[in-house]
Structures are given as structure tokens and as C-alpha cells.
1. Return the total of residues in the range 262-274 being under 13 Å from the mean Cα position of the chain (by Cα) and within 22 Å of LYS166 (Cβ to Cβ).
2. (1) surrounded by 15 or more Cβ atoms within 10 Å (Cβ to Cβ); (2) at pLDDT 95 or above; (3) among the small types (Gly, Ala, Ser): which one isn't true of GLY223, the others all being true?
3. Which residue pairs have Cβ atoms closer than 6 Å, lie 6 or more positions apart in sequence or on different chains, and pair a first residue in the range 207-233 that is free of Cβ contacts under 8 Å to residues at least 60 places away in the same chain and closer than 14 Å to LEU111 by Cβ with a second residue that is more than 9 Å from the ligand (Cβ to nearest atom) and in a helix (DSSP H, G or I)?
4. Return the residue satisfying two criteria in turn: it lies in the range 255-292 and is among the hydroxyl-bearing types (Ser, Thr, Tyr) and surrounded by fewer than 24 Cβ atoms within 10 Å (Cβ to Cβ), and of such residues it is farthest from the ligand (Cβ to nearest atom).
5. Go through the range 127-143 residue by residue and tally those that are touching a residue at least 60 places away in the same chain (Cβ under 8 Å) and either under 16 Å from the mean Cα position of the chain (by Cα) or under 21 Å from PHE308 (Cβ atoms) (or both).
6. Quickly run through the range 161-175 and pick out the residues that are in contact (Cβ under 8 Å) with a residue 24 or more places away in the chain and either of a type in the set (Gly, Ala, Ser) or farther than 30 Å from GLN339 by Cβ (or both).
7. Any chance you could count how many residues in the range 195-220 are surrounded by 13 or more Cβ atoms within 10 Å (Cβ to Cβ) and more than 26 Å from HIS101 (Cβ to Cβ)?
Amino acid sequence: MANAVFHQAIWILPSHHLQNSGIHQEFGNVSVKSISKGFKFDLGLSMSRNGGYSSSKGNSFAVEASTSQNSVVDPISAPSNTSSNEFQKKSSEAALILIRHGESLWNEKNLFTGCVDVPLTKKGVEEAIEAGKRISNIPVDIIYTSSLIRAKMTAMLAMTQHRRRKVPIIMHNESEQARAWSQIFSEDTMRQCIPVITAWQLNERMYGELQGLNKQETADRFGKEKVHEWRRSYDIPPPNGESLEMCAERAVAYFKDQIETQLRSGKHVMIAAHGNSLRSIIMYLDKLTSQEVISLELSTGIPMLYIFKEGRFSRRGSPAGPTEAGVYAYTRRLAQYRQKLDEMLH
Ligand SMILES: O=C(O)[C@H](O)COP(=O)(O)O
């Protein structure tokens, strides 16, 4: 069966809409004059029936004005005398930030959570804000989160700390109407937004019949070794749940199809997800073996930075150190971005 493709993540302003609609004149401080020609913001993505996203405009995530074909670029990211397309071609480097969500109410209670949709604790909120401070100087053009609230909360709270002060906006693609009703009608406002794509493929591994059970009690009942095998082995699933391998089949496939595509086009990406969906992605990025991944543990609310350059990922650290400088080895490009933020904000 042909894979039906639904256009998604498009913010469109048909020119007739403005002329005909009674809504207008002012959106906050933004005058409709600036958009009176009508334009289309196309984030270049489509969603297929199986829930995957594919690019409808090649690899580009450029937000384009259909009348002029000029991309809406972040003036801080791009050198002023270089057009966005040229910049993206020259830019062979993009930042990738991974964050495991902050502590959830079930992490606090030591319960297996998996795909159960549990929010953050107060400590989790604080961890997310702290994570945001650590990445506040690193560019972010697009955010991916799982569909679970703990990852979404973490991404949103982290972005409250970002010095660029762009607004993360969740893309609603669940129906044609949801897309239509969440359009944005100002190019200026669009420039100050970061699209947030939620994807179930980034959800925590499905923990099967362990979901809701206490981890300590489960270890007492089935034995520490068995439970460790369920939690950390690569290919042994918990009862009726997903092994890490099964989780990787969807999470890494999504990463390769969708997220790597953004990185290749020069977009800086943040992913807020989960202990095991991120372990599977890190296994891919760091080329870990199924033995090595057993000892990979991720703490809640800790951001990790990778640089994607010439088709390769290199880990630039995670904030184990007390200061940002001691944490991330900035590339020249990231240092320039930071310097521009300093100039803009002082
Ligand atoms: O789903 C859970 O319980 C946690 O988010 C991850 O649990 P784990 O450390 O047991 O894999």
C-alpha cells in the first residue's frame, strides 16, 4: 500500500486569508503590514501514516517565504553577509543536545515507568531549569521530544533559560484542523520561534508488565541479576515489554530518518527524551557494542552535547564539571555564536 503522506509542520498564510479575514492588524507588536503579501512557512516535513516524518522539501528545514524564497534565518546563527542557503552549505557543523528528562514522580517513588505518562517532580523541574542554564549559549533551531509529558516539560523548562530567548512552539499535527488552528501569521514572530516536534518513537522503552512496579520490590522478588538484565541488557526484554534492541529499532530509525536529516542541513537540534531511548541513540552515536551499552547510565536532567561534522558525531562532553567552560569543549563556531549572544545582550 502506498504510504499516504500528510503534510505537517506547516505554518501557512495564504494571501487571500489576510485579505478576507477579519483578524488582523496587530499580533502583539507585529503589524500585519509586514506580512500583507502573504507567505508560507514550510518546515519541510511531512508525516506518514505510520507516524514517521519525512522531508517534503529535500533535507531542508528552512522556513521559506513563498513570495521571495528567502529563508527566515536566525541573524545570530548566520553571518550577516551570507545568505542562509550559502551558510547552510558552508556550515558542515551542527550541535546536537540530548537531555534525559528531569526526575518524574515515579522516578521519585522508584517505580518502573516506561510509557506511562508521569509528570516531573519539583526536583525534576529544577533539574530541567539547571539543564537549560548549561545549554543557554548553545544554538537550538529545532527541538524533538518524546510524546510523554516529562520530556516535553523538560524541553520547555530548559528553553526558559536560553539566552537567545526564542519561544519553543509545539507543532500540532494530529489533524488538519489542529494544524490550521495553530498557524502563525507573522514572519517576525516566526523568526523568534523554535518548532518542537513530538514523536512517540522517542518514548521510553515500553517496560511491559513491570510498569508501575517498585524496582526494589521487583529485584527482591525476581532476583537482582534478572532485574538488572531486564533493565540494562541489549536484547532481553522485560515480560511483554521492549528490550533495548526493540526500543532502538524505532528510536534510532527515527533519529536517522528525521533528526540526522536536520543536522545534515546545518540545523542545531535538541532532543529531550528518556533513559533508554537515549541510551539506544547514544549507542548509535558512540558506536557502542551491545556489551558496552550495558554500563551506560544516564542521570535525569543532564544535557550532553555532540557535534555533527562531515557526517560524524563527536561527543563534546556533558556537564559533569562545575562550570560551563569545564563542561563543554566549544567548537570555534559555537564560540562565535556565544560571542554574538554576548554582544547582543550587553
Ligand atoms: O521507565 C523507567 O522506569 C525509567 O525511566 C528508566 O528506568 P530504568 O533505569 O530502569 O531503565
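The values are calculated or read from the model by the stated rules, or taken from the named source; none is laboratory data. A quick note: this is a predicted structure, and the numbers were derived from the prediction, not measured. We place every Cβ from the backbone using ideal geometry, glycine too, and count neighbours over all the protein chains shown.
1. Residues flagged as under 13 Å from the mean Cα position of the chain (by Cα) and within 22 Å of LYS166 (Cβ to Cβ) within the range 262-274 amount to 9.
2. (1)
3. Close Cβ pairs satisfying both conditions: VAL227/THR218; VAL227/ALA219.
4. Among residues in the range 255-292 that are among the hydroxyl-bearing types (Ser, Thr, Tyr) and surrounded by fewer than 24 Cβ atoms within 10 Å (Cβ to Cβ), the one farthest from the ligand (Cβ to nearest atom) is SER265.
5. Adding up the residues that qualify gives 11.
6. ILE170, MET171, ASN173
7. Matching residues across the range 195-220 total 0.
Per-residue answers, yes or no, for (1) under 29 Å from GLU297 (Cα atoms); (2) away from the ligand (no atom under 13 Å from the Cβ):
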position: PHE185; (1), (2): no, yes
position: ASP188; (1), (2): no, yes
position: CYS193; (1), (2): no, yes
position: GLN201; (1), (2): yes, yes
position: MET206; (1), (2): yes, no
position: ARG232; (1), (2): yes, no
position: ASP235; (1), (2): yes, yes
